[in-house]
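For reference, the structure discussed in these notes is given below.
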Amino acid sequence: MKVQLQGQSLRLRIDEAELARLRDGRDVVNRTVLPGPDAFAQSVVLGDVAHATLSGGASDWRLVLPRAQVEDYVQRLPCKDGLRHVLSLSGGEALDVDFEVDVRDSARVRGKARREG
């Protein structure tokens, strides 16, 4: 999983193998070991929820995505568009979360990109 974080925007990009793990009910985890005893970890899992949720703290958090929405997205693959969620945070802040499957990997696995007519 590739994680891009800038300001209040978070972009998560996974490959087809990671998508298969998600669809099988397993977490996809990105973990970076930092100097000392600390690590920075992010995980994504599918859940039977209506809206995406984010829990945890700054160094270890978990994003739960709506399973039904991801399954609908899978039917469109390969495509450049991903899923977008705006998560309300405490203090009135919001976090824009973009989730996508790498279009190049998806095209390699699934075939050429579909064209909207």
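No value in this document is a laboratory result; all are computed from the given coordinates. Note that the structure is predicted; figures quoted are calculated from it, not measured. Glycine also receives a Cβ, built like all others from the backbone with ideal geometry; neighbour counts cover every protein chain displayed.
As a test, work out the antiparallel percent of DSSP beta bridges whose residues both lie in the chain, rounded to the nearest 5.
On the way: 21 of 34 bridges.
Here the share of antiparallel DSSP bridges comes out near 60 percent.
What are the trypsin sites (Lys or Arg not before Pro) within segment 19-71 that DSSP puts in a loop, where the Cβ has at most 14 other Cβ atoms within 10 Å?
Values: sites: Arg21, Arg23, Arg26, Arg31, Arg62, Arg67; in loops: Arg26.
Loop-located and lightly packed - Arg26.
Rounded, prolate or oblate: which fits segment 11-68, taking a ≥ b ≥ c as square roots of the Cα gyration tensor eigenvalues, rounded meaning a/c under 1.5, else prolate when a/b beats b/c? Verdict is oblate for segment 11-68. In sequence order, segment 82-90 has phi-based couplings of x, 9, 10, 10, 10, 9, 7, 10, 5 Hz under the Karplus curve 6.51 cos²θ - 1.76 cosθ + 1.60, θ = phi - 60°, and Gly or Pro positions carry x.
From the P(r) of the chain, could you give the percentage of C-alpha pairs in the tail past 16 Å? Walk me through the numbers before you get to the answer.
On the way: 4243 of 6786 pairs.
For the chain, the share of Cα pairs beyond 16 Å comes to 63 percent.
Which of Leu22, Leu95, Leu12 moves the most in a Gaussian network model of the chain with Cα springs under 10 Å? Most flexible of the set in this elastic network: Leu95.
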